[in-house]
Amino acid sequence: MFELKKAKCELQTILRGYKLLYSIDKDIIIYKALRAAIAVVSPYTTLYFTAQLISGIAAGKTFGQLMVYAALIVTINLIMSVLSRLVSRKIRIADQNLWNSISLYFNSVNMKMQYEHLENPATHLKRDRIFQAQNANGFGVMLLSWQVETFVNVIASIILSVALTLGLFTLKAPGEYHGMWNFVNSPLSALIILGLLCLNIITSIKMTGKSSAVFYNEIKNLADQNRVSFFYLELLGNYESAAEIRIFNESPLIQKSWLNYMLHPVYTTNIVRANARFARVQTGSGFVMNLVLYIFIGAKAYMGAFGIGNFVLYTGTVAKFVSAVTSLFDTFARLKNNNIYLREIFEYIDMPNTMYQGTLPVEKRAFCEGGDNDYEIEFRDVSFKYPASEEYALRHVSVKFHVGERLAVVGMNGSGKTTFIKLLCRLYDPTEGEILLNGIDIKKYDYDEYMSIFSVVFQDFKLFSFSLGQNVAASVKYDRERVKACLEKAGFGARLQEMPEGLDTCLYKDFEENGVEISGGEAQKIALARALYKDAPFIVLDEPTAALDPVAEYEVYFKFNEIVGNKTAIYISHRLSSCRFCDEIAVFDNGKIVQQGNHEELIADENGKYHELWYAQAQYYNT
Ligand code: ADP
């Protein structure tokens, strides 16, 4: 009962895997099934018509009649071979695309994944494991695609073999027989032969199952070994870390660590040994079976139950039946072992996302004709703990701001500024309290729509190895004039003039020999231009001048109103002098807003945190 339940569960996992493969790339399933069906036709028609040909010769048919069989064999084989080639061409393309399609699928999963999971290192490990198993050993969805052909082939072979072999067990030799001959002619001998066939198949299944289990067990270790090994190899080949590796002479350390992992080829040795052991048992059992079968079929033919043609047919089809059934179970064993990897995939794609429950559209007030651009955000007694943390990162935060205002968020490192922004942008939901947009809880809005009203330059922003224009527009096609205007506003105008191919200059040298390496400050300006290009009503700048030199920093402050226009700007900084121009300053300390007001009001409170931070920093900056 338990075994049955387990088998059902395994089968459900395999079926879900195929559903997933179908949703990722249905062409590959269809074409492979088609090729398998085509491949099965030739050997069986050849076998069948060869048997007819031999029977015809024995029966003394005319040369012309015999040639019909020969022509049928040749023509069918030719047609099947042409069809197979045509389908194979499609499969080659589909096979090449499959890896990309799987990667694209996982990217779309990541895009929809709750941010909390995305930030969790355990999620990265899971994704790494899935791709290691796939890329190094072809497990997971990839293996399902490879098994489609075998599966369809063996099912078709079993059906055809049974259909063509029925006569062996039902046909009886005419006349009276005694002793051994009578036994051969009786239904009992047919039953015994069937029993022996089952026994041989079971032995074969057990052996392939065992060898496949050893293989998967060992390969599982190998996947982990590969993951670590790739990590070290990547480190050695990565030009971004090359400077540090040279200066600290880290190469021997990395190479040694890598070799430590690579010098244990025990896994493959274990697989080879196990395979040899199981193959010996399989060969032995196959030999006995074939011997008995040949004697049985030979004896029945000798007694006249069927002709010489059918002797050839039955020996062929029975052998094919045995090998097809063994292959079927072998395929199941492979698929069952592959379920370990499929479950990891399902675990990854099934990670719950509670962020998408909202349906309300966000009014695009800024963009619609005559729009009043009137947005108001309110944090109402918001507290927040990170999922894996016991400590509150934010406590009882209440703050309200209108569109068009400049809100500065200041505080020491770890005081909760970035967490505040993450909640504002709904990367996380508050543990307690609520955040309201125009009086409505932000959870009630459609998630993607809500995200569309924010533009953020994160402290650890990322630019990519695309062209400068594509980086700013975050899109392949873009409005060149608008991109230029945004770069200009962000203070990148003069540098743009020097770029060898203007907006088409590729950033970084990962893919383009002529790519341009940019400084941290330049990157920050491009990131700012990207935020401006999105043209969202809220713009959040997390330490936007941290990498800028003092002149560039001054320019950003000076032109801040021009840069931000009528948008709501939320400006995060631990440098108080850079927030002075904001209408409202919220001072964070230990997860709480401890003071709020404009610069003059806050500095006037001599016992306040702002006063303390201002004068602590004034020692270093002549503000
Ligand atoms: P700030 O931006 O002011 O430097 P953060 O908002 O980044 O501060 O951090 C506030 C607190 O939350 C800190 O104690 C920090 O360690 C903690 N924290 C930040 N990110 C995470 C995270 N992903 N998981 C757990 N704790 C975090």
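Which three lengths, in whole Å and largest first, does the chain cover when its Cα atoms are put on their principal axes?
That works out to 122, 56, 50 Å along the principal axes.
What value, in deg cm²/dmol to 500, does the helix sum -39500 (n - 2.57) over DSSP H runs of n ≥ 4 give at 222 nm once divided by the residues of the chain?
-21500 deg cm²/dmol
Apply the membrane-span-like helix rule to the chain: whole DSSP H runs, Cα extent along the own long axis of at least 20 Å, mean Kyte-Doolittle hydropathy at least -1.0. List the helices found.
The qualifying helices are 2-24, 26-58, 63-112, 141-170, 187-237, 266-303, 308-349, 520-534.
Report the per residue volume, in Å³, of the convex hull enclosing the C-alpha atoms of the stretch 24-110.
Hull volume over Cα atoms, normalised by residue count, gives 65 Å³.
Over the chain, with the other protein chains present, what is the accessible area per residue in square angstrom, probe 1.4 angstrom?
So the chain comes to 53 Å² accessible per residue, rounded to a whole number.
Please name whichever of Asn185, Leu11, Gln497 sits farthest to the positive end of the charge dipole of the chain, dipole taken about the Cα centre and charges placed at Cβ: Lys and Arg +1, Asp and Glu -1.
Positive-end residue among those listed: Asn185.
Compute the signed sum of charges (Lys and Arg +1, Asp and Glu -1) over the other residues within less than 15 Å, Cβ to Cβ, of Gly307.
+3
Can you tell me the length gained on complete extension of the stretch Val551 to Arg89, counting 0.36 nm per residue apart and subtracting the Cα distance?
160.2 nm
Expressed as a rounded percentage, what relative contact order does the stretch 41-198 have, with Cα pairs under 8 Å and six or more residues apart?
13
Which value, in debye to the nearest 20, gives the size of the charge dipole of the stretch 1-104 about its Cα centre, when Lys and Arg are +1 and Asp and Glu are -1 at the Cβ?
200
Rounded, prolate or oblate: pick one for the stretch 61-196, where a ≥ b ≥ c are the square roots of the eigenvalues of its C-alpha gyration tensor, a/c under 1.5 means rounded, and failing that, prolate if a/b is larger than b/c, else oblate.
Note, shape of the stretch 61-196 comes out oblate.
Can you give me the solvent accessible area of Glu612 with a 1.4 Å probe, rounded to the nearest 10 Å²?
100
List the relative contact order of the chain as a percent without decimals, with contacts defined as Cα pairs under 8 Å and 6+ residues apart.
Dividing the mean separation by the residue count of the chain yields 14 percent.
Based on Cβ point charges of +1 for Lys and Arg and -1 for Asp and Glu, what charge dipole magnitude is obtained for the chain about its Cα centre, in debye rounded to the nearest 20?
4540
Grab the alpha carbons of the stretch 517-623, take their convex hull, and tell me the volume per residue in Å³.
Per-residue hull volume (Cα only) is 122 Å³.
May I ask for the equivalent-ellipsoid semi-axes of the stretch 371-487, computed as the square root of five times each C-alpha gyration tensor eigenvalue and listed largest first in whole Å?
29, 19, 14
I'd like to know which of Gly175, Met289, Leu196 lies farthest towards the positive end of the charge dipole of the chain, counting +1 on Cβ of Lys and Arg and -1 on Cβ of Asp and Glu.
Comparing the listed Cα positions along the dipole, Gly175 ranks first.
Tell me, what % of the accessible area of the chain is carbon and sulfur with a 1.4 angstrom probe?
Of the solvent-accessible surface of the chain, carbon and sulfur hold 59 percent.
Based on Cβ point charges of +1 for Lys and Arg and -1 for Asp and Glu, what charge dipole magnitude is obtained for the stretch 532-623 about its Cα centre, in debye rounded to the nearest 20?
The calculated dipole for the stretch 532-623 is roughly 200 debye.
Please report the Cα spread of the stretch 94-174 along all three principal axes, rounded to whole Å, starting with the longest.
79, 25, 24
Note down the net charge around Glu512, summing +1 for each Lys or Arg and -1 for each Asp or Glu among other residues with Cβ under 12 Å from its Cβ.
Every neighbour counted, the sum reads -4.
Could you give me the percent of Cα pairs per 10 Å distance bin for the stretch 438-586, shortest bin first, beginning at zero and ending with the bin that holds the maximum distance?
The calculated distribution, bin by bin, is 11, 40, 33, 14, 2, 0.
Under a plain spin-label model, where a point goes 7 Å from the Cα along Cα-to-Cβ, how far apart in nm are Lys61 and Tyr615?
11.2
Across bins of 10 angstrom width beginning at 0, how are the C-alpha pair distances of the stretch 1-148 distributed, in whole percent?
Using 10 Å bins, I get a P(r) of 9, 25, 23, 18, 12, 8, 3, 1, 0 for the stretch 1-148.
Where in the stretch 392-427 is the amide nitrogen less than 11 Å from a point lying 7 Å along the Cα-to-Cβ axis of Met451?
426-427
Quick one: net charge of Thr203's neighbours, Cβ under 14 Å, K/R +1, D/E -1?
+3
The values are calculated or read from the model by the stated rules, or taken from the named source; none is laboratory data. Note that this is a predicted model, so its numbers are computed, not measured. FYI the Cβ positions are ideal-geometry reconstructions off the backbone, even for glycines, and counts take in every protein chain you see. Quick note on the areas: whole protein, heavy atoms, side chains included, nothing else; ligands and nucleic acids left out. Shrake-Rupley method; radii C 1.70, N 1.55, O 1.52, S 1.80 Å.
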